[in-house]
1. Among (1) in contact (Cβ under 8 Å) with a residue 24 or more places away in the chain; (2) in a helix (DSSP H, G or I), where does LYS78 come up short?
2. Find all pairs meeting these conditions: Cβ atoms under 8 angstrom apart; at least six residues apart or on different chains; first residue within segment 86-100 and more than 16 Å from VAL40 (Cα to Cα) and part of a strand (DSSP E or B); second residue among the hydrophobic types (A, V, I, L, M, F, W, C) and modelled with pLDDT of 95 or more.
3. Please work out if ARG136 is in contact (Cβ under 8 Å) with a residue 24 or more places away in the chain and either under 19 Å from ALA1 (Cβ atoms) or open to solvent by 100 Å² or more (accessible area, probe 1.4 Å) (or both).
4. Of the residues that make up segment 113-128, is at least one under 23 Å from TYR13 (Cβ atoms), under 21 Å from the mean Cα position of the chain (by Cα), in a helix (DSSP H, G or I) and at pLDDT 95 or above?
5. If a residue has to be more than 21 Å from ARG59 (Cα to Cα) and either of a type in the set (Ser, Thr, Tyr) or open to solvent by 50 Å² or more (accessible area, probe 1.4 Å) (or both) to count, how many in segment 79-113 make the cut?
6. So, in segment 132-180, exactly how many residues are over 30 Å from ASP23 (Cα atoms) and assigned to a loop (DSSP other than H, G, I, E, B)?
7. Looking at ALA1 and the list (1) under 15 Å from the mean Cα position of the chain (by Cα); (2) open to solvent by 10 Å² or more (accessible area, probe 1.4 Å), which single condition is not satisfied?
Amino acid sequence: ARAFYELKYKIHYLELKGNAFQDFFSNVMAKRYPADFMRVRPWGNKGDEKNDGYLKSKRMLFQVYAPDDMTEADAIRKIDEDFNKALPHWEEYFDCWVFVHNGKQGLGPEQTKKLLSLGKANPKITVIQWGFEEIRNELFELSDADLSALFGPPISRQDLLDLRSYHLKSVLDSLSKIKPPDD
């Protein structure tokens, strides 16, 4: 079951983009911190006031960024804009601002410097990033029932024992028609 959930998480982290990734992140946090994590959705012409979620007990404000293609300049601009536009609306409520992303290899040095410079310029606020491992750590604190609700049930031992060759025929037929990757 753990291997199934690890694989499903990796697929979600790497493949979900934009609002789908933000919804996934919010679902994880809502299950991990029920009645504590607050989803914030855009509302009318105010939007979400640069708040993609708030963890009340830890005074953490989350900003989620999961573009189709993360460029250095766009990510730096997003970090700077979202942090500075969140301050007038939320500063009294948070001590930690979290930039949540789905960067496959993490953040680059310039994005990291931007986060560090925002933290240095705002010493009362801890500025951090959450990527693959940080979200994974939150996810795997969930119960098996919550993991199943997020990803579906894992294949059981009985499912494997009940598997017959005719079950696999359509899968194998479909696989034989797929062009292999160039690499």
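1. In the conditions (1) in contact (Cβ under 8 Å) with a residue 24 or more places away in the chain; (2) in a helix (DSSP H, G or I), LYS78 misses (1) alone.
2. CYS96/MET60; CYS96/LEU61; CYS96/ILE125; CYS96/VAL127; CYS96/ILE128
3. Criteria met by ARG136.
4. Within segment 113-128, one or more residues are under 23 Å from TYR13 (Cβ atoms), under 21 Å from the mean Cα position of the chain (by Cα), in a helix (DSSP H, G or I) and at pLDDT 95 or above.
5. 6
6. Final tally of qualifying residues: 6.
7. It is condition (1) that ALA1 fails.
So that you can scan it fast, the table gives a plain yes or no per residue for (1) closer than 30 Å to ASP159 by Cα; (2) free of Cβ contacts under 8 Å to residues at least 24 places away in the same chain; (3) of a type in the set (S, T, N, Q); (4) touching a Leu at 6+ places or on another chain (Cβ under 8 Å):
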position	(1), (2), (3), (4)
ILE11	yes, yes, no, no
LEU14	yes, no, no, no
ASN27	yes, no, yes, yes
ARG41	no, yes, no, no
TYR54	no, no, no, yes
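The values are calculated or read from the model by the stated rules, or taken from the named source; none is laboratory data. Since the model is a prediction, treat every value here as computed from it, not as a measurement. Don't worry about glycine lacking a Cβ; one is built from the backbone with ideal geometry, like all the others, and counts go over all protein chains shown. For the accessible areas, the whole protein counts, side chains as well, though only heavy atoms, and no ligand, DNA or RNA atoms are used. Shrake-Rupley method; radii C 1.70, N 1.55, O 1.52, S 1.80 Å.
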